[in-house]
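What follows is one structure encoded as structure tokens, with my remarks underneath.
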Amino acid sequence: MAKQIVRPARRISGSLEVPGDKSISHRYAMLAALAEGASEISHFSAAADCRSTLDCLERLGVKVGAKGDRVRITGAALGGLRKSRRALDAGNSGTTMRLLAGILAGQEFRSTIDGDSSLCKRPMRRVIEPLSQMGARILAREGGCAPLEIEGAHLAPIEYTLPVPSAQVKSAVLLAGLFAEGVTSVIEPVRTRDHTELALAEFGARVEHEGRAIRIHGRPRLVAKTLAVPGDLSSAVFFLLAALVLPDSQLVIHNVGLNPTRSAVLDVLASMGAPINLISVRSANGELVGDIAVRYEPLKGGVIEGNAIPQLIDELPALAVLGPFTEQGIEIRNAEELRVKESDRIAALADNLRRMGAQVEERPDGLRVAGRSAGRLHGAEIDPRCDHRMAMAFAVAALGAEGETVIRGAECAAVSFPSFFATLDRLVER
């Protein structure tokens, strides 16, 4: 298990591009596999999670060619996937497992999809229930956990109201709806990220919106596309926060995805006093893309809660470690979902922040992290619990702490950002 030593920094400056967006890369790859013709995808995510998606598609008979960050996928069309001889391996990727379950539910063969020990503890009943209503037969371990055995079927359209806001569950149902005769509807309690809807429309599916309902018409003809994946905003956030932790910092991050269902984190930071500017904003394949400029300014802190939580769920760990560097501290509420991610992120945040000397109150649905008046953080040994976002979040905290910090198992950052520590080291000045 590798250890990463992170030492305090004076400031961070310069410019960078972050890897392609994980969420969009997954979706482009899956839809390219169901399209007719060869799709060319550039700036495809280097994350291990997205490699898991490509590996699963190859096992299903899809021709995939990858060179650097460019991927060519020759689609099999809606009815062209083939049964894998072995279980599909989603690795650590909940997105791979949940979205691919929607596709496998519409196939005329049986599939098994498994994952690593962390993924096999995460809740899958939330996708099993709607897909079963559509006609698929799905077996899981006790508690609705992977591995999943999916017996595909001729699916029937449904109208499904999400009991918990989840872009992954919504996406699984919409992808299953591709194989149903008729119109499948998903109703969201609050708006979640809409990359699936945008990508479906880009490949030629008929997608409609009415209020909080999203409808997809089944059995479309999907057509191959040439696409560029925007930079991953969730990865960019760690560098934005580093600039807001270290005085005299200035940073520009190029070609970042600015989808309104993902950019709530920028609004939260701006409300705390962060001087963030968006530059050269443009539309590409239905997604907004632009450059983000940030410079250091002391932040107020504040409360993050309610309807904003589903759109911030991936960024909350990074925002939490910002707490000791703000005036008021940061409080996160209504975020029970953090307990069933790659780790129990609420518990992991509380434990590791306390190791660094922060004052933390842990709650069932979140936590409160005291601000600057509680004292400066000090270096410590961090256990990210094999969770990529924990490793990267505490690397940012370590830059503003006294003394060196050791992050155990830091290689887990490769799940989403393999070059994270090298990129950070290039930009910081000590």
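Computed from these coordinates, which is percent of Cα pairs over 30 Å apart: (i) 40; (ii) 48; (iii) 51?
The value matching this structure is (i).
Using amide H atoms built 1.01 Å from N in the peptide plane, name the residues 5+ places from V303, or on other chains, whose amide H lies under 5 Å from its own.
Residues meeting the criterion, in which the H sits 1.01 Å from N, are E331.
Mind listing the long-range amide H neighbours of T261? Cut-off is under 5 Å, sequence gap 5 or more, other chains count too, H placed in the peptide plane at 1.01 Å from N.
D194
Which residue, S132, I214, L316, has the largest displacement toward the positive end of the dipole of the chain when charges sit on each Cβ (Lys, Arg +1; Asp, Glu -1)?
Working it through, the farthest residue towards the positive pole turns out to be S132.
Whole-Hz ³J(HN,Hα) for each residue in the range 247-264, computed from phi via Karplus 6.51 cos²θ - 1.76 cosθ + 1.60 with θ = phi - 60°, x for glycine and proline: what do you get?
Each residue's phi maps through the Karplus curve to give x, 6, 7, 8, 8, 10, 10, 8, 6, 9, x, 10, 3, x, 7, 10, 8, 4 Hz.
So how many Lys-Lys pairs in the chain land under 16 Å Cα to Cα, not counting same-chain pairs under 8 apart?
So the count of such lysine pairs works out to 4.
Tell me which residues come under 5 Å, amide H to amide H, from L227 once H is placed; ignore anything under 5 positions away on its chain.
Sorted by chain and number, the residues that satisfy this are E40, I41, S42.
Please give the FRET efficiency for E362 paired with N307, using the beta carbon to beta carbon distance and R0 = 25 Å, rounded to the nearest 0.05.
Calculated transfer efficiency: 0.65.
Please report the antiparallel percentage of DSSP beta bridges with both residues in the chain, rounded to the nearest 5.
If I count the DSSP bridges inside the chain, around 70 percent turn out antiparallel.
Taking R0 as 35 Å, what's the FRET efficiency between K121 and R333 from their Cβ-Cβ distance, rounded to 0.05?
Plugging the Cβ-Cβ distance into 1/(1 + (r/R0)^6) gives 0.90.
Considering the range 186-283, what Rg and Dmax in Å follow from its alpha-carbon atoms?
According to the Cα coordinates of the range 186-283, Rg and Dmax are 17.1, 55 Å.
For the range 216-225, in order, what is each residue's ³J(HN,Hα) by Karplus, 6.51 cos²θ - 1.76 cosθ + 1.60 with θ = phi - 60°, in whole Hz (x at glycine and Pro)?
10, 8, x, 6, x, 9, 8, 10, 4, 9
Apply the a/c threshold of 1.5 to the C-alpha gyration tensor of the range 22-228 and tell me whether it is rounded, prolate or oblate.
Here the range 22-228 falls in the rounded category.
Values quoted throughout were computed directly from the atomic coordinates according to the rules given, and no laboratory measurement underlies them. Treat the numbers as computed from the prediction; the structure is a model and nothing was measured. Positions of Cβ are generated from backbone atoms using ideal geometry, with glycine treated the same way; all protein chains shown enter the neighbour counts.
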